[in-house]
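Structure first, then comments.
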Amino acid sequence: MEPTDLRVAVVGSGANGASIGADLIHAGVDVTLVEQWPAHVAAMRAGGLRIRMPERELVVGPRVIHLCEVAELRHPFDVVLIVMKAYDTRWAAELIAPAVAADGVVAAVQNGMTTDAAAAAVGADRAVGTVIEVSSTMAQPGIVHRHTPPERSWFAVDAEPRADRVAQLLGNSGTVARFADIDSAKWMKLVSNCSVLVPTAALGLPMAEAIDVDGMRALMIRAGQEALDVGAARGHAALPIFGLTDDDLADRAAIVAAMLDVLYDRFVVAGATTTVLQDWRKSRRSEAADLNGLVEAEGARLGIPTPANTAIMSLARRIESGEIAPDPANAPALTA
């Protein structure tokens, strides 16, 4: 079946979900966007969806429904892409499960280890593990600023045949790599996230600026190395994501630094902020607990010290409680 013959739902049509959905619509795929922000739904219905990229703008007129309209769906989807926060995966998968075709699949296109949550709703034989590396922001309903257009975006998809349709679809939105051990690939992305997302957000700075603060690069590498070590104890292999090679993984002590360098060279642009900082600026809960918090918890369970991730989470909890705000003045609490 060709991608244009598929009925596809994108559940979670914020910055990244809307970007992927727009690419699919532009490619002629039958797409329904499912979104929880009423103003965003209204804006897309009234004026279309605008994806503003560094050198071009993509405007599409999507079919979009609100979460409360999912129960009204009558025609099942062949592929569902869940592009929501990691902590929303379970309920989002349960919500859309009745609208998935008998031979359909659900892909958790998210940060964090979310494949099992999707599988709990639709079954392991219909859940597809994926990794996403797309940078975008949305402050105004109906308008997305995508920092990494398709030629600079990257996905990893399970190598199992049932995931072929997902890989074909995501190929419209970025480079796609296939991994037989998708759980390890997802953990490698978590290693990268632990290095960058929460630490830079805690300073309230764009990623490109935060790494240059005294002591931050070293802290980011320590947090990533702890995540890599915890992953190894969980049975996850070190895999070459983001276009790295096996040679880049030869020196285990240098893997995190290599990943950081590739991330900043290929995907980080001036002024871009992480999803965590975007959430905090909107007074929203972030994915910190699903990233550095997971490493901290698993480290405690496995008897592996994670002082860098613990320091990061201590600061993140204070920010999320409203005790402090993201600010460069928080750096000493991380780098000491």
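The values are calculated or read from the model by the stated rules, or taken from the named source; none is laboratory data. Values in this document were obtained by computation on a predicted structure and should not be read as measured data. Quick reminder, even Gly has a Cβ in these numbers, built from the backbone with ideal geometry, and neighbours come from all protein chains shown.
If you go through region 39-47 one residue at a time, do you hit one that is assigned to a loop (DSSP other than H, G, I, E, B), under 22 Å from the mean Cα position of the chain (by Cα) and assigned by TED's automatic domain parsing to the domain that holds His145?
No, that holds for no residue.
Find the residue count for region 202-242, including only residues that are of a type in the set (Asp, Glu) and over 24 Å from Val269 (Cα atoms).
Adding up the residues that qualify gives 2.
List the pairs whose first member sits in region 53-70 and is more than 12 Å from His26 (Cβ to Cβ), whose second member is of a type in the set (Gly, Ala, Ser) and modelled with pLDDT of 95 or more, and whose Cβ atoms are under 7 Å apart, counting only residues at least 6 apart or on separate chains?
That search, which allows pairs on different chains as well, returns Val64/Ser13; Val70/Ala99.
One residue is enough: does region 6-19 have a residue meeting the conditions more than 19 Å from Phe155 (Cα to Cα), touching a residue at least 40 places away in the same chain (Cβ under 8 Å) and not in a strand (DSSP E or B)?
Checked against the condition, which is being more than 19 Å from Phe155 (Cα to Cα), touching a residue at least 40 places away in the same chain (Cβ under 8 Å) and not in a strand (DSSP E or B), region 6-19 yields at least one hit.
Going by what's in this entry, would Gly215 be described as at pLDDT 95 or above, of a type outside the set (Asp, Glu) and either under 16 Å from the mean Cα position of the chain (by Cα) or under 30 Å from Glu323 (Cα atoms) (or both)?
Here the answer is yes, as Gly215 does meet what is asked.
Could you tell me which numbered condition Gln225 fails, if it satisfies all but one of (1) in a loop (DSSP other than H, G, I, E, B); (2) buried (at least 18 other Cβ atoms within 10 Å of the Cβ)?
The number of the failed condition is (1).
Which residue, of Ala233, Ala253, Ala238, Ala289, is among the small types (Gly, Ala, Ser), in contact (Cβ under 8 Å) with a residue 24 or more places away in the chain, farther than 25 Å from Val157 by Cα and in contact with a helix residue (DSSP H, G or I) (Cβ under 8 Å, 6 or more places away or on another chain)?
Ala253
Among the residues of region 226-248, write down those that are under 22 Å from the mean Cα position of the chain (by Cα) and of a type in the set (A, V, I, L, M).
Ala227, Leu228, Val230, Ala232, Ala237, Ala238, Leu239, Ile241, Leu244
Name the strands (runs of 3 or more DSSP E) wholly within region 69-166 that hold at least 3 residues that are polar (S, T, N, Q)?
136-140
Hey, can you tell me all the residues within region 261-287 that are hydrophobic (A, V, I, L, M, F, W, C) and either assigned to a helix (DSSP H, G or I) or loosely packed, with under 14 Cβ neighbours inside 10 Å (or both)?
Within region 261-287, Val262, Leu263, Ala270, Val276, Leu277, Trp280 qualify.
Kindly establish whether Ala185 is more than 30 Å from Pro38 (Cβ to Cβ) and within 15 Å of the chain's Cα centre (by Cα).
Against the criterion (more than 30 Å from Pro38 (Cβ to Cβ) and within 15 Å of the chain's Cα centre (by Cα)), Ala185 qualifies.
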